[in-house]
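As structure tokens, the structure follows; a few thoughts come after it.
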């Protein structure tokens, strides 16, 4: 497994104080401004460590799902009733594989829960 700080060869200047932490500790807060979240009915590919203005545009969730790079995130819009933001975290070594799905509070950005993806199939 690659070191997260070297995974894309770019310095992570947007780590929100989570530098060097992995897993749930590194994801304690979403770190994406509300203005950067995708609108209802769309998703957005997010590359951790890249500046917001370097992120791709929002688009069709089904189309973007096949374009998420290693270690990237597919960010869904906030849910209406639950006020949660779903983030599919893609594996750092296996293309197209979701390693964990995280759910964040839509207002605070705090991590609510993680669901590990089973690889024992």
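Derivation of every value follows stated rules applied to the coordinates shown; laboratory data play no part. Please read these numbers as outputs of a predicted model, since none were measured by experiment. FYI the Cβ positions are ideal-geometry reconstructions off the backbone, even for glycines, and counts take in every protein chain you see.
Things worth noting here:
- Each residue, residue 114 and residue 80, gets one label point 7 Å from its Cα in the Cβ direction; the gap between the two is 3.2 nm.
- Between the alpha-carbon centres of the stretch 38-79 and the stretch 103-118 there is a gap of 16 Å.
- Within the stretch 36-53: backbone nitrogen closer than 12 Å to the residue 67 label point (7 Å, Cα to C-beta): 43-46
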